[in-house]
Amino acid sequence: MKTVMKKRVILILATLLMVLSAGAKKGPKYVFYFIGDGMGTNQVMGAQYYLADVEGFYGIKKLGFTEFPYTGLVVTYSANSDVTDSSAAGTALASGQKTDNNVLGLLPDRKTPVETIAEMAHKKGVRVAIGTSVCIDHATPGSFYGHRPHRNNYHEIGTQLSESGFDFFGGADFHSPYTSDNSDEGNYVQAEKAGYTIARGYDDYKAKAAGSDKMLLLEKNPNSDHYLSYAIDRKEGELSLADITEAAIDFMMKDPKKGFFMMMEGGRIDQACHSNDPGAYVQEMFDFDKAIKVAYDFYLKHKKETLIVITADHETGALALTAGDYRTNMKVLQYQDMSKDAFTAMLEKKGREIGDILTWEEVEAELKQHFGFWDKVRLSQRQTDRLRNTYVETFGMGPGELKEGEYFQVSKLTDAAANVLTEAAQINFGVGCHSGSYVPVFAIGAGAEQFTGQMDNTEIPMKIKKLAGY
Ligand SMILES: [Zn+2]
């Protein structure tokens, strides 16, 4: 009789425990938040058309993240415009609050700070990582820890990075590490005083990670714009967003029981689209997908505890997937092997080296090699004339005139080349700025079903906060 009673009590207790634990359903312990800067729905679609076209069939070949089971559409307007900039959109995606364009982490009064989900997570003892392919104090990453009346207050945003107490930062560099009057010790010293170890490049990260409490991973030789190289230009050993994501996961998992919140920005999709650079844009899309793949591999090992959300802050370039002829021909973009920036710099360097104006034959050879013109990409007579005429107008005016605004002269030729390739691909960039189009959201993992339908950009961080319990 006694043993029967005992068994009954144990059974009741076990049932009670099951009911209790089911009631307190735990949200995701590991959260990845990927923001493709400038990644509208057509940026995603274009990358998929490109892949199919290269393989020789009509339709799309999916990216890794477009396989994710939950998708929705995101509305991006800011507090004072239908067309948002990156800081107002970043603030919305970080805090759930709309603000004016150019304002970072403050309400439209430019005084009242908003609380971001990264700050909420940090307060709860969750480990936090912020990464980007541009400078670490740029609008999107800055929106998660910075609070400044203008996004261009780079130095002050850099100071706020050190004050955040977050565990990991990864990006190309600080934009403005020192003030012109040296009024403080600079962003690097501030970071070190706040307990950050500064690593330069992925290998340096690996050497320093174990002995570091907090990490600031920067590029070894960042370019003068303080960005990582475009994927299309990246050389062996240069840092990528996938490297930063990998390092961030490694660093977060030094203390797995705390869980983590991680924001990773594909910051150069936007820049490639601002510059209407078709080849650089598609490669940035694949590069962003690669970084997400790193998170997806982590998800496969921690399925029940991981949430991955991918979205964008706005669309850039008003990218149209047609040139008006009921077809695209995106495969030609595979023959562009350097960005417009790199092509311009290369021509300038060549000109300086020979100390003279490049001949049309020399320029033609470069266009052939780096855009595939004539050999691999057939051009009409009008397109060839356009390139030749741009050369004559900008190069053929004599060395004295070339000195003034040399960059502009060369970039005019580069612009013409990129426009001709865009035409050949039968797509079109409508503008060199942002647009008010929808952006997509994709999600997988614990709570991912929340990210469907049409939602405002301010709803995304609130959903993450609720799910993760920040
Ligand atoms: Zn942006």
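Odds and ends about this structure:
- Residues considered: 83, 54, 75. Of these, the only one that is out of contact with any Ser or Thr (no Cβ under 6 Å at 6 or more places or on another chain), closer than 23 Å to residue 242 by Cβ and of a type in the set (Val, Ile, Thr) is 54.
- Within segment 249-264, considering residues that are within 15 Å of the chain's Cα centre (by Cα) and over 12 Å from residue 287 (Cβ atoms), the one surrounded by the fewest Cβ atoms within 10 Å (Cβ to Cβ): 262
- Residue pairs meeting the criteria (Cβ under 6 Å; at least 6 apart or on separate chains; first small (Gly, Ala, Ser), in segment 340-353; second surrounded by 19 or more Cβ atoms within 10 Å (Cβ to Cβ) and at pLDDT below 90): 351/358
- Residue match in segment 169-179 (condition: at pLDDT 95 or above, part of a helix (DSSP H, G or I) and more than 20 Å from residue 262 (Cα to Cα)): no
- Checked against the criterion of being more than 24 Å from residue 249 (Cα to Cα) and either buried (at least 24 other Cβ atoms within 10 Å of the Cβ) or not assigned by TED's automatic domain parsing to the domain that holds residue 284 (or both), the candidates 139, 118, 92, 129 yield just one match: 92.
- Screening the candidates 66, 71 for the property of being in a helix (DSSP H, G or I), β-branched (Val, Ile, Thr) and farther than 30 Å from residue 110 by Cβ yields one hit, 66.
- When residues of segment 291-303 are limited to those that are in a helix (DSSP H, G or I) and either in contact (Cβ under 8 Å) with a residue 60 or more places away in the chain or within 16 Å of the ligand (Cβ to nearest atom) (or both), the one surrounded by the fewest Cβ atoms within 10 Å (Cβ to Cβ): 303
- Of residues in segment 79-128 being β-branched (Val, Ile, Thr) and closer than 15 Å to residue 262 by Cβ, the one nearest to the ligand (Cβ to nearest atom): 116
- Residue in segment 304-322 that is surrounded by the fewest Cβ atoms within 10 Å (Cβ to Cβ), counting only those that are over 30 Å from residue 446 (Cβ atoms) and touching a helix residue (DSSP H, G or I) at 6+ places or on another chain (Cβ under 6 Å): 321
- Here residue 41 clears all of (1) surrounded by 21 or more Cβ atoms within 10 Å (Cβ to Cβ); (2) under 18 Å from residue 270 (Cα atoms); (3) in contact (Cβ under 8 Å) with a residue 24 or more places away in the chain except the condition numbered (1).
- Taking the conditions (1) of a type in the set (A, V, I, L, M); (2) within 23 Å of residue 37 (Cα to Cα); (3) away from the ligand (no atom under 16 Å from the Cβ) in turn, residue 209 satisfies each one other than (2).
- Flag for residue 241 being in the same structural domain as residue 269 (by TED's automatic domain parsing), in contact (Cβ under 8 Å) with a residue 40 or more places away in the chain and over 24 Å from residue 333 (Cβ atoms): no
The values are calculated or read from the model by the stated rules, or taken from the named source; none is laboratory data. Since we're looking at a predicted model, the values are computed, not measured. A quick note on method: Cβ atoms are made from the backbone with ideal geometry, for glycine too, and the neighbour counts reach across all protein chains shown.
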